[in-house]
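This report refers to the structure that appears directly beneath it.
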Amino acid sequence: MQKALIVGTGLGAMTTAMRLASRGYSVQMVEKYHQPGGRLNQIKKDGFTFDMGPTFFSMTYEFEEFRKDVGLEKLPFSFRELDILYSVNFRGSDRNFLIYKDLDKLAFEFEGVESDFRRKMDGFLSGAGKFFHDVEGLVLKKNYNSIIGYLLTLLRVPPRYAPRLWRSVWSEMERHFESREVREIFSLVAFFLGATPFDTPAIYTILSYTELVHDGYHNVEGGMYRIVEGLKSELEKKGVEMHFNTEITGFKSDKGRLVSFTDQSGREWEADLFVVNADAAWFRNKVFGRKKFSENKLDRLKWTLAPFTIYLGLGRKLENVPLHNYFLGNNFRDYSGKIFRNAIKLDQPYYYVNVVSKSDPSSAPEGCESVFILCPVPDLRFKPDWNDREEVAGGIIADLSGRIGIDLEKHILSKTIMTPIEWKDSFDLYKGSGLGLGHNLGQIGGFRPKNFDELFNNVYYVGASTVPGTGLPMAVISSKLVTERIVSDHGPIHT
């Protein structure tokens, strides 16, 4: 029986472990953090429970494909589809736009704001849907051996879609809608990718199609960490061992093959093949010392925004605040253009709020709320000092208090702040970048770091900074692609 060692226990790692174990591999996993999940993690504190990172997602059918592939009768967690996807509030306005999946309800929300909204949205979604279905299988769910192979694949994409490669998400919004509010709200999909709509290719407007038409948005009954807990249980049934508080710092190789990884205590982890769920670019630098991935070269790449997160346990209910919320300002273009490089103050930030206990009442004591706040901020290349963490958090809490009409400071029973420094240290995120490498044209598809190693023929990569990209469904697809590559390179194992 061939032995596989997987570095990391994020969603990409766990689904890869299940796929390999179901194909007869003996699998071990090592993890730097004290519990599994990577960024899909959980905080329990002062009687409250918080999802640390992702709070909702689309493309649930990728989990169904995974279930069938590994032979599970049913998934060890349950999805809940959202009717109200999220609400959006602009600074200085008492109006909250509710973004419904139901397009008739959605059209009603924008009466008096965007004339003929339903016709315009139908046209926008129709174009995005056709593009999605024409390229999903052709480009997205595909391994690439070289940049040339990737470019040849792109030549098979119908020429009518070429402008989407060069336009930005914002430019695409301007083609379809007239009002500032509609353009800004429906370009938020770029922020889901850790970027802005001004530097994200228009191809990613397909996310609007997946959220409003194709699959909608979902969360998980009992909290998002149920995904990790469920997969961990299934992996244990397969005999997969997980080792925590184990950081890979070195390696041994022989004749083009990796023999073992070495952890911080000097223990060697031997295997026949290795799958790395740490950042595919940063790991090549940090552990393998590859010149192509030197820190100087990595710093010149486009990385996603870093997370500044606040976890609040409140001693009261927030009756009029929905589950998912975006709080925006009135300087969208200026803010988007300056936030990456720390060229704008964080005294009037844009941020996201998830009232966890609206979906999972067990996450807070009776009469209380668990609240997760995410503010995208510059990574540590541009803002290395976070001594102002309390000031930044206080400003966000004060701004939120003013918008919802509740003095939150008076009701805080628990507060945890994580700056990009804590995110970097906990999960080895390069310079604190929240979602790994960005998704500009030079860093997607065949231009992303490969999911196989350039030098060692038994080392592979899975996760956000390799193909196909960032997000929970992308991690599941990534696990499928890397498993296909492993089986192609090493052949099936018969048990």
Next on the checklist: Projecting each Cα onto the charge dipole of the chain (Lys/Arg +1, Asp/Glu -1 at the beta carbon, about the Cα centre), which of Thr210, Met418, Gly289 comes out farthest on the positive side?
Outcome noted: Gly289
Next on the checklist: Quick check for me: using +1 on Lys/Arg Cβ and -1 on Asp/Glu Cβ, what's the dipole size of the chain about its Cα centre, in debye to the nearest 20?
Outcome noted: 1500 debye
Item to check | Positive-pole candidate from Leu155, Val139, Ser171, dipole of region 123-211, charges at beta carbon | outcome: Leu155
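Which net charge results for the neighbourhood of Lys3, defined as the other residues with beta-carbon distances under 9 angstrom from its beta-carbon, given Lys and Arg at +1 and Asp and Glu at -1?
Result for the neighbourhood of Lys3: -2.
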Item to check | Within region 6-48, backbone nitrogen closer than 17 Å to the virtual label 7 Å beyond the Cα of Asp489 toward Cβ | outcome: 6-8, 13, 16-17, 19-21, 25-28
Checklist entry - Relative to the Cα centre, what is the charge dipole magnitude of region 123-211, using +1 at the beta carbon of each Lys and Arg, -1 at the beta carbon of each Asp and Glu, and rounding to the nearest 20 debye? => result 380 debye
Checklist entry - By what distance, in whole Å, do the Cα atoms of the chain stretch along each of the three principal axes, largest value first? => result 67, 56, 48
Checklist entry - What relative contact order, as a whole-number percentage, does the chain give when Cα pairs under 8 Å and 6 or more residues apart are counted? => result 24 percent
Checklist entry - Hey, got a sec? Which GluC sites (Glu not before Pro) in region 96-131 land in a DSSP loop and have at most 13 other Cβ atoms within 10 Å? => result Glu111
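Can you list which of the trypsin sites (Lys or Arg not before Pro) found in region 127-174 are DSSP loop residues with at most 10 other C-beta atoms within 10 Å?
Qualifying residues, ordered by number: Arg156.
Counting pairs of Cα atoms in region 123-211, how many percent are more than 18 Å apart?
Working: 1764 of 3916 pairs.
Considering region 123-211, 45 percent of its Cα-Cα pairs are separated by more than 18 Å.
Net charge near Arg284, counting Lys/Arg +1 and Asp/Glu -1 over other residues with Cβ under 13 Å of its Cβ?
+2
Please compute the net charge surrounding Thr153, taking Lys and Arg as +1 and Asp and Glu as -1 over other residues with Cβ under 12 Å from its Cβ.
Local charge sum for Thr153: +3.
Values in this text are rule-based calculations from the coordinates and carry no lab data. Here the structure is a predicted model, which means the values were calculated and not measured. Using ideal geometry, Cβ is built from the backbone for each residue, glycine included, and neighbour counts are taken over all protein chains shown.
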